[in-house]
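Here the structure is laid out as structure tokens; the discussion comes afterwards.
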Amino acid sequence: MYNKDNVFAKILRGEIPNKTIYSDDYVLAFYDVNPRAKVHALVIPRGEYTDIFDFTQNAPAELQMAFWNGVRAVVEKLGLRDNFRTIANTGRGAGQSVMHFHIHIMSDERFTEDF
Ligand code: DGP
């Protein structure tokens, strides 16, 4: 169940400031407040979805397409084209701390080791 008090909902409402990378009617992308890579961005949909499956099962196709276009916009804008990772932590067990669906975009000098 979606909780409107989560921090990303507050960011979308303008109640918490953010360093915006990309914004349109469907998505907002901004820098992670606690970066764990040289570049660490977050992309969130403008809609109330708790995680990746809530989003993919319940969001309108238009929003889902726009979301991935938003991911691409960040990658293009930050020049990460051939050196980035996307991560969607899902559930507390995997470390999802904010229950508003989001994708991490991370890029470092070197991504050689496998997960
Ligand atoms: P996750 O652990 O996958 O739920 O990632 C949530 C991320 O959100 C985490 O890396 C830290 C980031 N974060 C939490 N609060 C804020 C905030 O107020 N502003 C920004 N820019 N990032 C935040």
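The values are calculated or read from the model by the stated rules, or taken from the named source; none is laboratory data. As the structure is a computational prediction, the values presented were derived from the model and not from experiment. For neighbour counting, all protein chains shown are included, and Cβ atoms are generated from backbone atoms with ideal geometry for every residue, glycine included. For the accessible areas, the whole protein counts, side chains as well, though only heavy atoms, and no ligand, DNA or RNA atoms are used. Shrake-Rupley method; radii C 1.70, N 1.55, O 1.52, S 1.80 Å.
Tabulated data for the structure shown
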{"quantity": "Residue in the range 18-34 that is over 24 Å from R85 (Cβ atoms) and at pLDDT 95 or above present", "calculated": "yes"}
{"quantity": "Qualifying position, being more than 13 Å from the ligand (Cβ to nearest atom), among the basic types (K, R) and open to solvent by 20 Å² or more (accessible area, probe 1.4 Å), among R36, R81, R92", "calculated": "R81"}
{"quantity": "Every residue from the range 56-78 that is touching a strand residue (DSSP E or B) at 6+ places or on another chain (Cβ under 9 Å), closer than 26 Å to K4 by Cα and either small (G, A, S) or surrounded by fewer than 13 Cβ atoms within 10 Å (Cβ to Cβ) (or both)", "calculated": "A59, A66, G70"}
{"quantity": "Pair list, Cβ < 9 Å and 6+ apart or interchain, from the range 7-21 residues that are free of Cβ contacts under 8 Å to residues at least 60 places away in the same chain to residues that are part of a helix (DSSP H, G or I) and near the ligand (Cβ under 10 Å from one of its atoms)", "calculated": "I16/V7; I16/F8; I16/K10; P17/I11; N18/I11"}
{"quantity": "Selected residue (criterion: nearest to A37 (Cα to Cα)) from residues of the range 72-81 that are part of a helix (DSSP H, G or I) and free of Cβ contacts under 8 Å to residues at least 40 places away in the same chain", "calculated": "V75"}
{"quantity": "Residue tally, condition modelled with pLDDT of 95 or more and either more than 9 Å from the ligand (Cβ to nearest atom) or open to solvent by 90 Å² or more (accessible area, probe 1.4 Å) (or both), over the range 104-115", "calculated": "3"}
{"quantity": "Qualifying residue in the range 55-69 (condition: at pLDDT 95 or above, within 15 Å of the ligand (Cβ to nearest atom) and part of a helix (DSSP H, G or I))", "calculated": "yes"}
